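The values are calculated or read from the model by the stated rules, or taken from the named source; none is laboratory data. Since the structure is predicted, the reported quantities are computational estimates derived from the model, not experimental observations. Heads up, the Cβs are rebuilt from the backbone with ideal geometry, glycines too, and the neighbour counts pull from every protein chain shown. Quick note on the areas: whole protein, heavy atoms, side chains included, nothing else; ligands and nucleic acids left out. Shrake-Rupley method; radii C 1.70, N 1.55, O 1.52, S 1.80 Å.
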Amino acid sequence: MNSLLDLDFLNRFTRELPADPENSTRPREVTGALFSRVTPTAVAAPELVAGSKECAALIGLDPAEMDRADFASVFAGNALVPGMDPFSMAYGGHQFGHWAGQLGDGRAINLGEVRGPGGAGWTLQLKGAGMTPYSRSADGLAVLRSSVREFLCSEAMFHLGVPTTRALSLVTTGDQVMRDMFYDGNARLEPGAVVCRVARSFVRFGSFELPASRGDEALLRSLADHVIRTSFPELGAPPAGTPIPPETYVAWVREVVRRTAVMVAHWMRVGFVHGVMNTDNMSILGETIDYGPYGWLEGYDPGWTPNTTDAQGKRYRFGNQHQIAHWNLTRFASAVVPLVGDVAALQAAVDDFQSIYTEVWTGMLASKLGLPEFDEERDGPLAVELFRILELQEIDMTIFFRELAGPHGEDPLAALSAACYGDGFEPATRSALEAWMSSYQGRLAALGVEEDARRARMNGANPRYVLRNYLAQLAIDRAAKGDPDGVRELLEVLRRPYEDQPGRDEYGAQRPEWARHRPGCSTLSCSS
Ligand code: AMP
Ligand code: MG
């Protein structure tokens with residue numbers, strides 16, 4: 001384990017790839033380069049709200065280093081440690097279905113790539129550390145509420161077993177930031193904050209779309225080759241200097257398709273709605289990235305989105321996420337056509353999305369139901385009927401699946417009714433669920449599923465604790481008053497989401513009624 005000053009920086013992205021020759025933050029189109037060097041903007045009074053010790057260990061940083069007086073300064077961007085080479089990346093993207101041109105890291109500044117235990121490279125990235133050439137008309141900053149949400153959700157998702165970028169630290173800046181939270185003309189000052197995100201790579205689908213949109217094949221190729229060589233060693237690409245053959249690019253696209261399908265299946269397993277699946281928010285590693293107006297299902301509703309900016313079309317609603325992932329993959333594959341030439345091979349790779357997704361998702365569904373595997377013919381109708389029932393009235397998805405594991409005893413519906421918002425099961429739901437239960441139990445009996453094994457399997461796939469929207473908001477309220485313990489306690493609970501934690505029942509309970517319409521507890525805008 002290293003001290004902060006002894007981190008070993010690899011910085012392969014900035015060492016190996018074309019840089020923007022200009023080092024100012026003047027807003028501009030950056031062509032012929034993949035990144036611009038920038039310096040984080042100093043803040044008034046950095047203070048650590050919370051840190052993740054697992055994430056520190058990941059990069060080989062001694063977790064005790066988070067207690068250093070200068071830790072918050074470094075991770076607010078006030079001081080660089082030797083070896084850091086800060087930069088922001090250029091990328092484009094399709095936003096809400098439309099090509100948006102150059103976007104880029106408007107408020108993200110990568111500090112550098114650290115060599116972690118075992119040699120893996122981990123990029124440290126500050127979000128909210130000030131203006132970059134990609135800030136366009138915005139301020140490069142982030143507010144406390146969205147930073148608490150990003151910090152907690154990154155780590156919660158990791159502990160849930162969902163592929164995700166990580167979060168090392170959450171620091172308040174002591175500066176105030178102007179935001180119009182509901183885009184309704186009521187801007188006010190809010191506390192500023194910076195999250196340090198950590199990932200093997202922050203390259204997005206949109207990173208390839210930008211050079212492709214400009215016809216810059218050389219730049220596109222240098223990025224693709226770098227990503228394949230550094231992040232996809234399993235593809236066995238030849239070393240730099242020898243051209244990568246077309247079939248390796250195709251294999252790479254196939255792998256991105258597979259990883260993206262796995263990621264979305266996990267979202268569906270835990271009831272997560274990303275909220276802004278623009279192609280600039282899709283990691284090339286198939287990790288959940290950019291926690292903005294995301295949300296967690298309370299009542300099971302495939303039509304739900306937390307994002308008020310998407311309230312009209314609900315493009316990014318829960319039940320549409322796999323379709324959007326597929327659409328986004330098509331944008332990504334289109335961008336890399338010039339590297340391969342063979343459109344049909346790429347088309348075939350992307351067309352496999354649906355079958356891969358179905359296979360992964362039904363495998364997870366089998367775990368959620370405690371079945372050894374998913375038999376489409378027998379278990380398909382069982383699953384369809386269950387999800388139909390869950391929509392009959394407002395039924396909490398997380399509580400329902402957790403309680404479905406049992407033990408059930410005389411009245412299996414008694415425990416399940418803890419998932420109902422309102423006065424328990426309505427008659428129509430009750431009778432449908434009783435019928436379903438008897439089919440389900442019949443199926444378990446026919447398969448000879450052993451009770452303890454079933455429960456263990458289900459409890460490993462159905463979390464007790466997720467980052468309920470209102471829980472995040474309560475932690476934000478406390479942090480805004482200068483009390484970091486709400487964030488820290490919540491992080492502690494979310495470190496073990498599949499274990500029943502005595503004394504922490506309220507964290508796994510239904511959303512209270514007061515939170516149904518409270519801003520931040522139900523819906524959010526993109527303002528952050
Ligand atoms: P998002 O929808 O949050 O992923 O952001 C879309 C684009 O807007 C990205 O290029 C972001 O870097 C940029 N952006 C969002 N908020 C800000 C901000 N406060 N300052 C500068 N750029 C921003
Ligand atoms: Mg983004």
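Only loop residues by DSSP count here, and only those with at most 13 other Cβ atoms within 10 Å; note down the GluC sites (Glu not before Pro) in region 413-462 that meet that.
Numbers: sites: Glu434, Glu450, Glu451; in loops: Glu450.
Passing both the DSSP loop test and the Cβ count: Glu450.
Of all lysines in the structure, the ones whose alpha carbon falls short of 28 Å from that of Lys481, not counting any fewer than 8 places away in one chain, are Lys53, Lys127. Amide H contacts under 5 Å for Ala167: Glu155, Val198, restricted to partners 5 or more places along the chain or on a different chain, H placed in the peptide plane at 1.01 Å from N.
Note on the chain: with neighbouring protein chains present and a 1.4 Å probe, carbon and sulfur make up 52 percent of its accessible heavy-atom surface. Sum up the charges of everything whose Cβ sits under 15 Å from the Cβ of Thr288, counting Lys and Arg as +1 and Asp and Glu as -1, but leave Thr288 out. Charge balance near Thr288 sits at +3.
What percent antiparallel are the DSSP beta bridges of the chain, to the nearest 5? Here the antiparallel bridges make up roughly 90 percent for the chain. At a probe radius of 1.4 angstrom, the accessible area of the chain per residue rounds to 38 square angstrom.
Take the Cα of Arg136, step 7 Å toward its Cβ, do the same at Ala480, and the gap between the two points is 2.6 nm. For region 423-501, trypsin sites (Lys or Arg not before Pro) are listed when DSSP marks them as loop and at most 11 other Cβ atoms sit within 10 Å of their Cβ; the list is Lys481.
Each of Asp67 and Ala428 was given a label point 7 Å from its Cα along the Cα-to-Cβ line. The distance between the two points is 6.0 nm. Using the Cβ-Cβ distance between Gln501 and Thr242 with R0 set to 51 Å, the FRET efficiency from 1/(1 + (r/R0)^6) comes to roughly 0.45.
With a Förster radius of 56 Å, plug the Cβ-Cβ distance of Glu47 and Gln354 into 1/(1 + (r/R0)^6) and report the FRET value to the nearest 0.05.
After rounding, the FRET efficiency stands at 0.70.
Its relative contact order, with pairs defined as Cα atoms under 8 Å and 6+ residues apart, puts the chain at 15 percent.
Charges were assigned to the Cβ only: +1 to each Lys and Arg, -1 to each Asp and Glu. The resulting dipole of the chain about its Cα centre is roughly 940 debye.
What does the charge add up to near Met181, with Lys and Arg as +1, Asp and Glu as -1, over the other residues with Cβ less than 12 Å from its Cβ?
Working: positive: Arg145, Arg179, Arg188; negative: Asp180, Asp184, Glu190.
Combined, the nearby Lys, Arg, Asp and Glu give 0.
This model, with +1 at the C-beta of Lys and Arg and -1 at the C-beta of Asp and Glu, gives region 206-362 a dipole about its Cα centre of some 160 debye. For the chain, the calculated P(r) over all alpha carbon pairs, in 20 Å bins from 0 to the bin holding the longest distance, is 22, 55, 23, 1 percent.
Expected output is a single nm value to one decimal: the length gained when fully extending between Ala418 and Ala446, i.e. 0.36 nm times separation in residues minus the C-alpha distance. What is it? Please report the intermediate quantities before stating the final value.
Working: separation 28, 0.36 × 28 = 10.08 nm, distance 2.82 nm.
Difference between extended and current length: 7.3 nm.
Couplings for region 396-405, taken from phi via the Karplus curve 6.51 cos²θ - 1.76 cosθ + 1.60 with θ = phi - 60°, read 5, 4, 5, 5, 4, 5, 5, 6, 4, 5 Hz in order; Gly and Pro are left as x.
Of the GluC sites (Glu not before Pro) found in region 337-380, those that fall in a DSSP loop while having at most 16 other beta-carbon atoms within 10 Å are Glu373.
Distant-in-sequence amide contacts of Ala108, defined by a placed amide H-H separation under 5 Å and a gap of 5 or more residues or a different chain, comprise Gly128.
Any chance you could tell me what percent of the C-alpha pair distances in region 311-405 go past 21 Å? Walk me through the intermediate numbers first.
Working: 2291 of 4465 pairs.
Here the tail beyond 21 Å accounts for 51 percent of pairs.
Helix 469-480 and the longest principal axis of the Cα set of the chain meet at an angle near 50°. Near Asn459, once Lys and Arg are set to +1 and Asp and Glu to -1 for all other residues with Cβ below 14 Å from its Cβ, the sum equals +3.
Per the helix-only calculation at 222 nm, which mean residue ellipticity applies to the chain, given -39500 (n - 2.57) for every DSSP H run of n ≥ 4 and division by its residues, nearest 500 deg cm²/dmol? Don't jump to the answer; show the numbers that get you there.
On the way: 18 runs with 206 residues, N = 528.
For the chain, the value works out to -12000 deg cm²/dmol.
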